[in-house]
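Report on the structure given below.
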Amino acid sequence: MKILHTSDWHLGQRFLFNDREEEHQRALDWLADTIREQEVEVLVVAGDVFDINNPPNYARTMYYRFLTSLLGSCCRHIVIVGGNHDSPSMLNAPRELLRLLNIHVVGAASEDPVDEIIELEDAKGKLELVVAAVPFLRDRDLRFSQSGEGSYERLQKVREGMAEHYRRVGEMMEPYRKNKIPLLATGHLYASGAMASGKQDNIYAGDVENIEADQFPDVFHYIALGHIHRPQLIDGQQHIRYSGSLIPLSFSETKDDKSVFILYFQKDQLMEVETVMVPVFRRLKSISGTLQEVKESLRRFSEKGDRDLTPWVEVIVQTDRLIPRLDLTLRDFTRDMDLRLLKIKIERSGELLKKQQAELVNLSDLEDVESVFKKKCLRFGSPPEQMDDLLDAFRELKSNLDGKR
Ligand SMILES: [Mn+2]
């Protein structure tokens with residue numbers, strides 16, 4: 001059996017005031033082609049289908065069109081779980097309808113983890129795969145936040161709660177061992193030892209809430225993880241992996257190769273995991289140095305032609321002097337080049353300035369509205385255990401406002 005593991009599509013992402021529609025469309029077309037060419041039978045998406053709770057309509061259309069394109073293909077089953085960026089209710093809204101098409105959606109954890117156990121059957125009605133489709137687990141799913149506890153205690157409880165959740169779904173899997181079929185789990189979380197790409201940690205991965213690789217029950221033949229955008233295995237274990245995102249989602253991910261995994265199972269044996277590289281549809285490039293060096297790098301970068309979509313570039317100019325009209329100078333310099341300057345930053349080398357800069361957060365570095373809101377709440381002393389409720393209220397207000405626009 002061939003299973004494809006992907007995650008972190010972040011459809012609908014706005015990146016420094018630009019949308020990613022063209023890249024996402026190409027990436028999903030490529031994914032559908034790959035599934036057909038490789039005769040993949042099961043698709044697993046481990047969370048963060050959408051970038052925001054209330055994604056633009058083009059992103060929703062893209063999602064449904066992609067699912068529709070796989071109907072009647074070799075891909076018999078699709079399993080999708082919610083990530084921390086997804087709105088559970090939005091993902092879940094069409095789930096009854098999608099289930100009839102063999103598309104299984106678990107937007108959020110429910111009271112009883114048995115709801116996360118998905119039995120998949122072949123054309124003859126014989127059980128061929130079971131997935132513990134564990135979505136992103138929110139504090140409230142882990143059920144023991146109490147007011148007045150410190151952040152360390154809270155973190156410990158979250159960790160215990162996650163391990164406990166996996167222990168429970170693992171137990172529910174035990175009876176299927178005898179079937180000699182693949183038993184999978186998903187997760188949208190931060191596993192110990194995972195390497196994020198630079199500043200991805202605070203923007204996309206949220207709080208550091210670890211689970212150790214050995215806390216996943218050994219009944220599972222494969223754990224399909226999402227949340228960290230760089231593909232990797234955890235703790236050197238072949239069967240516990242992050243597939244990484246489909247396209248680079250920030251300038252910190254420009255050095256990562258983007259890929260999906262195809263798992264080959266014979267009965268319940270994981271024979272091989274193949275890494276399939278996602279083509280680069282749009283290069284994101286970060287260039288830093290003195291103004292002279294930056295200009296030289298820009299010139300060299302622009303000379304490498306043969307690109308699909310126009311590359312997006314971030315420039316970091318290292319200087320201790322004031323450079324008048326830096327912005328204009330660089331825009332003039334790149335006017336005829338096949339690239340777009342999305343961001344120009346100045347980095348001072350002086351120690352004092354460096355320190356001051358470290359304390360200042362650049363609004364454009366935060367990139368998404370919710371992380372700005374979270375930071376503000378924490379600064380004003382809101383208890384972290386209320387963050388889920390605050391975020392829900394914030395999302396509601398925001399979607400009301402968005403609706404009125
Ligand atoms: Mn995530």
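Here are the numbers for this structure:
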quantity	calculated
Matching option when the condition is touching a strand residue (DSSP E or B) at 6+ places or on another chain (Cβ under 6 Å), surrounded by 13 or more Cβ atoms within 10 Å (Cβ to Cβ) and more than 21 Å from residue 6 (Cα to Cα), among 262, 287	287
Flag if residue 228 is at pLDDT below 95, crowded, with 23+ Cβ neighbours inside 10 Å and over 26 Å from residue 181 (Cβ atoms)	yes
Residue 247 modelled with pLDDT under 95, of a type in the set (Val, Ile, Thr) and not assigned by TED's automatic domain parsing to the domain that holds residue 333	no
Leading residue by the ranking (modelled with the lowest pLDDT) among those in region 161-182 that are buried (at least 22 other Cβ atoms within 10 Å of the Cβ) and out of contact with any Pro (no Cβ under 7 Å at 6 or more places or on another chain)	162
Condition met for residue 234 (buried (at least 20 other Cβ atoms within 10 Å of the Cβ) and out of contact with any strand residue (DSSP E or B) (no Cβ under 7 Å at 6 or more places or on another chain))	no
Residue in region 62-71 that is surrounded by fewer than 20 Cβ atoms within 10 Å (Cβ to Cβ) and within 16 Å of the ligand (Cβ to nearest atom) present	no
Options 80, 117, 52; residue that is β-branched (Val, Ile, Thr) and more than 16 Å from the chain's Cα centre (by Cα)	117
Verdict on residue 61 being in contact (Cβ under 8 Å) with a residue 60 or more places away in the chain, over 24 Å from residue 116 (Cα atoms), β-branched (Val, Ile, Thr) and assigned by TED's automatic domain parsing to the domain that holds residue 129	no
Whichever residue in region 349-375 is farther than 19 Å from residue 51 by Cα and surrounded by 12 or more Cβ atoms within 10 Å (Cβ to Cβ) and, among such residues, is modelled with the lowest pLDDT	357
Selection status of residue 125, at positive phi and under 21 Å from the mean Cα position of the chain (by Cα)	no
Complete set of residues in region 72-127 that are charged (D, E, K, R) and within 16 Å of the ligand (Cβ to nearest atom)	86
Residue ID - surrounded by the most Cβ atoms within 10 Å (Cβ to Cβ), chosen from residues in region 8-17 that are on the phi < 0 side of the Ramachandran plot and modelled with pLDDT of 95 or more	9
Qualifying residues in region 192-221 (those that are modelled with pLDDT of 90 or more, crowded, with 16+ Cβ neighbours inside 10 Å and assigned to a loop (DSSP other than H, G, I, E, B)) - the one nearest to the chain's Cα centre (by Cα)	216
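The values are calculated or read from the model by the stated rules, or taken from the named source; none is laboratory data. In this text the structure is predicted, and so the values were computed from the model without any measurement. Ideal geometry is used to build each Cβ from the backbone, glycine not excepted, and the neighbour counts take in all protein chains shown.
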